[in-house]
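Q: Pasting a structure below so you can have a look.
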Amino acid sequence: MRPTPPVAKRVPTIRELHGERIEDEYDWLRAKDNPEVIAYLEAENAYTDAVMKGTEAFQDALYKEMLARIKEDDVTVPYRRGKYVYYSRTETGKQYPIHCRRRDVPGAPEEITLDLNRMAEGHAFLALGVYTVSDDGRLLTYSVDFTGFREYTLHVKDLESGALLADRVEKVSSAAWSADDSLLFYVTEDDAKRPYRLWRHRLGATADDLLLEETNELFRLGVFRSRSRKLVFAAARSFTSAEYRWLPAAEPFGAWRMIQPREKDHEYDVDHGVDPSGDRLWIRTNGGGRRNFRLVTAPLSDPGAEHWTEVLAHREDVMLEDFDVFARHVVVHEREDGLIRLRVRRLSDDVSHHVEFPEPTYEVDDEANAEFDADRYRFRYQSLVTPSSVFDYEMEGRTLALLKRTEVLGGYDPTRYRSERIHATAPDGTRIAISLVTRADAPRDGSRAMLLAGYGAYGLPYPVTFSSNRLSLLDRDVGIAIAHVRGGGEGGKRWHDAGRMLAKPNTFTDFIAAADHLVAQRYTARERLVIEGGSAGGLLIGAVLNRRPDLCAAAVMRVPFVDVINTMLDESLPLTVGEFEEWGNPKDRTFYDVMKTYDPYRNLRAARYPALLVRTSLNDSQVMYWEPAKYVARMRARWPETLGLFKINMAAGHGGASGRYDYLREIAFDYVWILGRLGKIA
């Protein structure tokens, strides 16, 4: 029997907003400490297990199949910082990485800095946050979370003796050492998990100095060191503006100096460099309506906007997404037509060139480039068919050296698969890119299944990454596609603007257009299409299903943000206030009128929805477990025929299981469910 929440015992929560009555009969599921709530969630898990009974052997086989492709004993490419090279490695049977270093001399022995497996003993979950070593290499400050709620505790370890110092701070989001290795700067969170206070801590002290407090709830504080190690930056950022202060790392008791005061709709990022004229700041800025950013420099002595010198101009069709400053070069990540390329600029003569990439769709990310005085740039390249590959690029000689390509065991042959980038047309005429991969021999006759994913929020491009796990779908004739919808960052800031706030509905119509295009072009058929999304992508899937419940055969929603209006009315929740600049504030009638057209929970109706798999975690601090819990309960009440499963990880957070084997079992479960809905389980 499907679990039924005892709604009859409850008085619905009713609120009036803009003259409208909003009734929530499942609001009581927010009571995490109520044994009845926990019992209901456990009953949902038991029901899911009962429905999936008989697939356990296939789940285990799929898990072993995916595990067999992974090199369990592996090591990352070491990177140099100071006198040491740092890396992490994994061992067969162990859930977590082991973080290590060794002296940068031949034959130097390994030193283990953190063994996360030992730290995880007795805990169902572990996540590492801060990990930064003092300038002399003697002390490590790190932070860990054992719940999944992303509430990290900061510790300091003496790497020479292996001893853990008495210094300990709760609710830390970021930290940085001063040049004096006895001093730490760190930022703590308020009750709504907003990083808001910057502190200075002397090792061994029992009282710390409060340096800055951010009182505007739209802004979040962070602290970090420049790559040159000369400066410490304190950044206050909202979704639409920024404000930076700096301090010489060698003068931790000095005064923090402003770079440029915050302005409406002005975001900027900063790093430190040196040129023949002296110390300079490099600044990525989108002030003055230049939405896709430009690159400027400013003298460190007087870095306000009136002294900015343009290095790279704003372009409407190219997003300046990131930049890395070195002693003799600057590397800029540019995104054009959704694809990244690297621009390398030599500082001695301002000559620049590009690093281009050959595949139709791919992903490029910077790796650990910890040394300022370096002429090699390290980055990670991958695509839907090319495994994650770490390269060093010689910036003067313009040569690439492959350092490591993630091994896919079992004889992986990329020529067996075909990667494409195609475009759908949205109702307003906008071209929507779709990245996809299928078996190379897959015909375009509608006979093949397809898994279509999307996100479309916060200006974040959906990464086009490789996953050996996906081979378990591809080899069973299930193609993989990604819809690069508005609200993401594939087309720069204006692409983001066109899918947020009052324009948010574009995200949903873009995704529908992508799904319809795949069907129309016979990549798949509607009865063989599964759609998926997580977090804000779960909102996307929920909103799409309310508009087009006929769109697909099944849908997977992971930690879905589906209770939009209720969550955005609760300013005590983590993220809510800051995200007024992403979704709008429903207390403003203009934004409320748009939200109520797409809020998945509010718009559930008596319609024939496709089969659903909804996932959440009890300790999620970003999308609270009760959002999907309420959504599933209301879905079943409105349309009891829906074949819906609700699975709750009772000991994790937003990202699901933290151990690599546990996470792989979650993927195996999801894939078995998907294959079952597609009729691909014998």
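Q: So, Pro600, is that one at pLDDT 95 or above, buried (at least 20 other Cβ atoms within 10 Å of the Cβ) and more than 27 Å from the chain's Cα centre (by Cα) or not?
A: The answer is no for Pro600.
Q: Is it true that Ala543 is within 22 Å of the chain's Cα centre (by Cα) and outside any helix (DSSP H, G or I)?
A: Criteria not met by Ala543.
Q: Please go through region 113-136 and pick out each residue that is in contact with a Leu (Cβ under 7 Å, 6 or more places away or on another chain), of a type outside the set (S, T, N, Q) and buried (at least 17 other Cβ atoms within 10 Å of the Cβ).
A: Leu116, Ala120, Leu126, Leu128, Val130, Val133
Q: Let me spell it out: the conditions are (1) outside any loop (DSSP other than H, G, I, E, B); (2) assigned by TED's automatic domain parsing to the domain that holds Arg220; (3) out of contact with any strand residue (DSSP E or B) (no Cβ under 7 Å at 6 or more places or on another chain), and Leu128 meets all of them except one. Which number is the exception?
A: (3)
Q: If I go through region 587-642 residue by residue, how many of them are under 16 Å from Val562 (Cβ atoms), in contact with a helix residue (DSSP H, G or I) (Cβ under 8 Å, 6 or more places away or on another chain) and in a helix (DSSP H, G or I)?
A: The qualifying residues number 13.
Q: Can you tell me which of Leu154, Leu212 is part of a strand (DSSP E or B), in the same structural domain as Arg257 (by TED's automatic domain parsing), out of contact with any Ser or Thr (no Cβ under 7 Å at 6 or more places or on another chain) and in contact (Cβ under 8 Å) with a residue 12 or more places away in the chain?
A: From the options Leu154, Leu212, the qualifying one is Leu212.
Q: Cβ-Cβ under 7 Å, sequence separation 6+ or interchain: first residue in region 428-456 and farther than 15 Å from Val519 by Cβ, partner in a strand (DSSP E or B) and of a type in the set (Ser, Thr, Tyr). Which pairs?
A: Cβ pairs passing all conditions: Arg431/Thr425; Val437/Tyr417; Val437/Ser419; Arg439/Tyr417; Ala440/Tyr417.
Q: Where in region 265-342 are there strands (runs of 3 or more DSSP E), lying wholly inside it, with at least 1 residues that are polar (S, T, N, Q) and more than 26 Å from the chain's Cα centre (by Cα)?
A: 294-299, 309-312
Condition check ((1) in contact with a strand residue (DSSP E or B) (Cβ under 8 Å, 6 or more places away or on another chain); (2) surrounded by fewer than 18 Cβ atoms within 10 Å (Cβ to Cβ)) across all residues:
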residue	(1), (2)
Glu356	yes, yes
Met395	yes, no
Leu402	yes, yes
Gly411	no, yes
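Q: So, one more: How about region 512-540: which of its residues are farther than 21 Å from Leu575 by Cα and under 20 Å from the mean Cα position of the chain (by Cα)?
A: Once the filter is applied, which keeps residues that are farther than 21 Å from Leu575 by Cα and under 20 Å from the mean Cα position of the chain (by Cα), region 512-540 yields Ile531, Glu532.
Q: Can you spot a residue in region 413-436 that is exposed (fewer than 14 other Cβ atoms within 10 Å of the Cβ), within 26 Å of the chain's Cα centre (by Cα) and part of a loop (DSSP other than H, G, I, E, B)?
A: The answer is no; no qualifying residue exists.
Q: Just for region 66-99: of the residues that are touching a strand residue (DSSP E or B) at 6+ places or on another chain (Cβ under 7 Å) and of a type in the set (Phe, Trp, Tyr), which one is nearest to Leu471 (Cα to Cα)?
A: Taking the candidates together, the pick is Tyr87.
Q: Separate question: Does Leu573 fit the bill of being part of a loop (DSSP other than H, G, I, E, B), assigned by TED's automatic domain parsing to the domain that holds Leu502 and of a type in the set (A, V, I, L, M, F, W, C)?
A: So Leu573 fits the description; yes.
The values are calculated or read from the model by the stated rules, or taken from the named source; none is laboratory data. Source: prediction; values computed, not measured. Methodologically, a virtual Cβ is constructed for each residue, glycine included, from the backbone with ideal geometry; neighbour enumeration extends over all protein chains shown.
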